[in-house]
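Colleague: My questions all concern the structure below.
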Amino acid sequence: MFHFEGGLQLLSRFSERPRSINLDNVLFSTDIDNESIIEIVGASSTGKTLLLCQFIARCILPARYKDIEISGCNVHVVLIDTYGHVEMSKIAELMTPVIHNAYQIAGVELSDEVVDHVIHKSLENLTVISCCNNEQFQLTLHMLEDELLSNEKIALLAIDNILAYYWQERRIKGILSMDNYTKDLLKIIRIQTSQFHMITIYTKWDGPVSKYQSHSNLLQGTGINYRLHLYKNPVTHEFVCHVQSTDDIKRICYTISDSGIKWIQ
């Protein structure tokens with residue numbers, strides 16, 4: 001027997017998606033609205049993929065486990081992995097200290113079995129789609145609506161790296177700037193996700209940040225709500241995240257280790 005879902009039923013299911021998500025208390029002064037687009041941009045080895053994985057880990061973790069507050073978002077994430085750089089073991093590794101810290105704050109003893117169980121259940125909230133070329137990537141973006149219709153808990157789309165197949169597209173279409181290529185992809189994403197009210201986060205390669213860029217808000221007319229520009233200061237050799245939103249700019253230093261990115265406040 002077939003079951004046909006009416007418009008009101010569909011609207012009811014998808015209205016359950018959270019209206020905002022608390023991705024990071026340090027980077028963002030408020031929760032992120034569920035229609036926001038976040039760009040993580042930076043040169044090689046500045047932690048772009050690592051930061052994306054931290055966002056994913058926070059999203060898929062539960063808000064609570066039994067009586068312990070984990071402070072995860074408990075939502076489903078779709079990750080489009082174009083480079084093959086994202087490893088499930090790394091996301092699991094990033095979740096482990098969050099769980100340990102939650103139990104330490106609660107003053108409750110934590111066993112390895114509990115950690116493994118929470119991580120295993122959390123990873124069920126993650127769908128990974130791997131692409132090998134530009135055709136697969138474009139097809140995946142055009143099929144996003146089908147994926148979103150199948151799971152009303154999906155609240156975040158993550159892409160690592162949105163420029164992975166730029167040169168393939170450029171050979172086919174001729175002269176095409178990276179900015180225009182990115183805008184074309186974001187247009188597809190907006191069309192496919194507009195009725196589902198979800199956050200989109202993507203990484204993007206960039207060269208060293210200039211002094212002018214590091215102190216200017218360049219989001220006007222881009223459709224991007226937040227740009228996180230990661231770079232290494234050539235003078236102090238410290239890592240810096242330049243956070244730009246449509247109405248705010250701030251600069252936060254950070255370190256990179258196996259346990260993830262740590263903000264220096």
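The values are calculated or read from the model by the stated rules, or taken from the named source; none is laboratory data. This one's a predicted model, so the numbers in the text were calculated from it and none came from an experiment. A quick note on method: Cβ atoms are made from the backbone with ideal geometry, for glycine too, and the neighbour counts reach across all protein chains shown. The protein model used for the area step is the full one, side chains on, heavy atoms only, and it has no ligands, DNA or RNA in it. Shrake-Rupley method; radii C 1.70, N 1.55, O 1.52, S 1.80 Å.
Colleague: Show the residue pairs that are 6+ apart or on different chains and have beta-carbon atoms under 8 Å apart, the first residue being within region 91-117 and without any contact (Cβ under 8 Å) to a residue 12 or more places away in the chain and within 13 Å of Lys66 (Cα to Cα), the second being in a helix (DSSP H, G or I) and open to solvent by less than 80 Å² (accessible area, probe 1.4 Å).
Modeller: Leu110/Ile99; Leu110/Tyr103
Colleague: Then there's this: Any chance region 70-93 includes a residue that's buried (at least 22 other Cβ atoms within 10 Å of the Cβ) and in a helix (DSSP H, G or I)?
Modeller: Within region 70-93, one or more residues are buried (at least 22 other Cβ atoms within 10 Å of the Cβ) and in a helix (DSSP H, G or I).
Colleague: Quick check: anything in region 235-251 within 23 Å of Asp160 (Cβ to Cβ) and modelled with pLDDT under 85?
Modeller: Our first condition is that a residue be within 23 Å of Asp160 (Cβ to Cβ); within region 235-251, this holds for 239-245.
Narrowing further to those that are modelled with pLDDT under 85: none.
So far as region 235-251 goes, no, none of its residues is within 23 Å of Asp160 (Cβ to Cβ) and modelled with pLDDT under 85.
Colleague: Report those helices (runs of 4 or more DSSP H) wholly inside region 127-194 carrying at least 3 residues which are out of contact with any helix residue (DSSP H, G or I) (no Cβ under 9 Å at 6 or more places or on another chain) and modelled with pLDDT of 90 or more.
Modeller: Result: 178-193.
Colleague: Residue by residue through region 228-258, note down the ones that are part of a strand (DSSP E or B), open to solvent by less than 80 Å² (accessible area, probe 1.4 Å) and charged (D, E, K, R).
Modeller: Here is the first cut: in region 228-258, the residues part of a strand (DSSP E or B) are 228-232, 239-245, 249-257.
Filter again for open to solvent by less than 80 Å² (accessible area, probe 1.4 Å), leaving 228-231, 239-245, 249-250, 252-257.
Scanning region 228-258 gives a single hit, Lys250.
Colleague: Enumerate the pairs (first residue in region 181-193 and touching a residue at least 24 places away in the same chain (Cβ under 8 Å); second residue anywhere and among the polar types (S, T, N, Q)) with beta-carbon separation below 6 Å, excluding pairs fewer than 6 apart on the same chain, so at least 6 apart or on different chains.
Modeller: Once the first residue is touching a residue at least 24 places away in the same chain (Cβ under 8 Å) and sits in region 181-193, its partners that are among the polar types (S, T, N, Q) give Ile189/Thr200.
Colleague: For the subset of region 106-122 comprising residues that are surrounded by 19 or more Cβ atoms within 10 Å (Cβ to Cβ) and of a type in the set (A, V, I, L, M, F, W, C), which member is farthest from the chain's Cα centre (by Cα)? Talk me through it step by step, then tell me what you get.
Modeller: Step one: of region 106-122, the residues surrounded by 19 or more Cβ atoms within 10 Å (Cβ to Cβ) are 118-119, 122.
Keeping just the survivors that are of a type in the set (A, V, I, L, M, F, W, C) gives 118-119.
Details: Val118: 21, Ile119: 18 Å.
Ranking the qualifying residues of region 106-122, first place goes to Val118.
Colleague: Hey, another quick one. With the checklist (1) surrounded by 15 or more Cβ atoms within 10 Å (Cβ to Cβ); (2) modelled with pLDDT under 90 in hand, flag the one item Tyr103 doesn't pass.
Modeller: Here Tyr103 meets the rest and fails (2).
Colleague: Then there's this: Would you check which residues across region 155-178 are under 20 Å from Tyr83 (Cβ atoms), among the charged types (D, E, K, R) and open to solvent by 10 Å² or more (accessible area, probe 1.4 Å) and list them?
Modeller: Result: Glu169, Arg170, Arg171.
Colleague: Taking region 19-36 as the region of interest, how many residues are touching a Lys or Arg at 6+ places or on another chain (Cβ under 8 Å) and aliphatic (A, V, I, L, M)?
Modeller: So the count comes out to 1.
Colleague: Of the numbered conditions (1) at pLDDT 90 or above; (2) surrounded by 14 or more Cβ atoms within 10 Å (Cβ to Cβ), Trp205 satisfies every one except a single condition; which is it?
Modeller: Here Trp205 meets the rest and fails (1).
Colleague: Shifting gears a bit: Pairs, please: C-beta under 6 Å, at least 6 apart or cross-chain, first residue more than 16 Å from Ile32 (Cβ to Cβ) and in region 235-261, second of a type in the set (Gly, Ala, Ser) and surrounded by 12 or more Cβ atoms within 10 Å (Cβ to Cβ)?
Modeller: The qualifying pairs are His242/Ser214; Ile256/Gly47; Ile261/Gly47.
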